[in-house]
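Working notes, structure below.
The values are calculated or read from the model by the stated rules, or taken from the named source; none is laboratory data. Keep in mind the model is a prediction, meaning the values are calculated, not measured. Cβ placement follows ideal geometry from the backbone for every residue including glycine, while neighbour counts extend to all protein chains displayed.
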Amino acid sequence: MAQRVIIHIDLDYFYAQCEENANPSIRGKPVVVCVYSGRTSDSGVVSTSNYEARKYGVKAGIAIATAKRLLESSDATFLPMNRQLYESVSGRIMDVLRDHSDNFERTGIDEAYLDVSEKSNGRYDIAKLIGNNLKEIVFHQEHITCSIGIAPNKLLAKIASDHRKPNGITVVDSEQIQSFLKGQAVNRIPGVGKKVEEKLRTFNVQTIDDLVRLNPVGLQESFGKKLGTYLFLAARGEDEEPVQNRELPTQMSRIGTLKENTRDFNFIQPFLRELTQSLTEKLQDEEMICKSVSIIAILNNLTIHTRSRTLESPTNELRTIDECTQQLMKEFLDSTPETMLRRIGIKLSGLSKSSGQTNIESFFSTRFPQ
Ligand code: DCP
Ligand code: CA
Ligand code: CA
């Protein structure tokens, strides 16, 4: 089989870069995008920061109060997340990338894999031209820089895209795999988080070449069959996963039958709440948020009616969604005095990913809980 050519693209300091473009006067100074919890004016965590802020040690996940302290002496800008802005920039960039690949897989708001094996004729010099061309198009169109990795599989392409950041491009062809991995820390391997890293350290493993020395049986005994095998192959830069179009669902719904036909809100309410809760949990499990909420009412004459509302901002919060379904149901009952309900349902639509977590990361956190 001909050698595959896979590109991984990750947009640089994505939310903060979108903010710089929305307001160029903040460029060149530290920019911190925050998730305010609303409890006090400073409570919450940093979502991301630009590279100027990172020089001060400000990065995703630290407390906003800590970031403010670290940036005390600078003219930093702190901004709340503007998810809609990032979604629309991301959507347009993904459309461009999809257009330039044989096969395309988006794995997060700011990253994607492109299979360009055919487009590049299996040649890495051509693939590099494709990569640089993509960087140019994305920058020209959206003023966003990105980092690119090009390699024979997804695993290596992802490690490579992280190798020169920001605005880098790293090519690893099949001859360069060993030298590329040599000396890199084990946590460069996607899915190797703090727990696995610590456990590996007890075996004196810190770098990927240390990991190569462990035998597969021992790895499986210590980490389980799946993760053990994965680590064994990853240390050798091996990965067969295809780049696959996994378009995310845009809506989800759930319908149930009431114990008896009724239009009594007190009877309907707990059932509606149960439906809302289980569907919201599914939404959260998928790490998604919804823009609109609908209720579905199927009457005793089997006609179907829906009522919908667009939320002020997309969410996966149970309280907000629950309030909305209750309200919509009340309004439906008030506006249709004669009806008897037989089945009721809810629908969440306008779905999008809720975090910058990539699928590969959530894949590993669900399959190999650390
Ligand atoms: N994100 C977040 N909370 C986190 C991590 C990320 O809200 N703990 C969001 C903000 C990021 C986006 O997801 O801009 C993409 O995440 P990345 O991990 O790719 O980080 P950045 O794009 O911000 O920076 P880098 O240049 O290192 O890729
Ligand atoms: Ca990024
Ligand atoms: Ca990313």
- Give me the pairs: first residue in the range 122-148 and free of Cβ contacts under 8 Å to residues at least 12 places away in the same chain, second residue assigned to a loop (DSSP other than H, G, I, E, B), beta-carbon distance under 7 Å, and six or more apart or on different chains, which are they? 126/120; 139/145
- Condition broken by residue 191, with the remaining ones in (1) modelled with pLDDT under 95; (2) within 16 Å of ligand 2 (Cβ to nearest atom) satisfied: (2)
- Query: In the list 67, 112, 76, which residue meets the criterion of being at pLDDT 95 or above, closer than 30 Å to residue 44 by Cβ, aliphatic (A, V, I, L, M) and under 17 Å from the mean Cα position of the chain (by Cα)?
  - Reply: 112
- Message: When you check residue 50 against the structure, is it touching a His at 6+ places or on another chain (Cβ under 6 Å) and within 14 Å of residue 79 (Cα to Cα), yes or no?
- Response: no
- Message: Quick check on residue 78: is it assigned to a strand (DSSP E or B) and within 30 Å of residue 115 (Cα to Cα)?
- Response: no
- Quick one: would you say residue 188 is free of Cβ contacts under 8 Å to residues at least 60 places away in the same chain and within 24 Å of the chain's Cα centre (by Cα)? yes
- Residue selected from the range 329-347 under the condition β-branched (Val, Ile, Thr) and touching a helix residue (DSSP H, G or I) at 6+ places or on another chain (Cβ under 9 Å), by the criterion surrounded by the fewest Cβ atoms within 10 Å (Cβ to Cβ): 339
- Task: Collect the residues in the range 322-370 that are of a type in the set (A, V, I, L, M, F, W, C) and at pLDDT 85 or above, keeping them in residue-number order.
- Result: 324, 328, 329, 332, 333, 340, 341, 344, 346, 348, 351
- For residue 49, state whether it is among the small types (Gly, Ala, Ser), away from ligand 1 (no atom under 16 Å from the Cβ) and buried (at least 17 other Cβ atoms within 10 Å of the Cβ). no
- Message: Among the residues in the range 55-65, are any out of contact with any Lys or Arg (no Cβ under 8 Å at 6 or more places or on another chain), part of a helix (DSSP H, G or I) and on the phi < 0 side of the Ramachandran plot?
- Response: yes
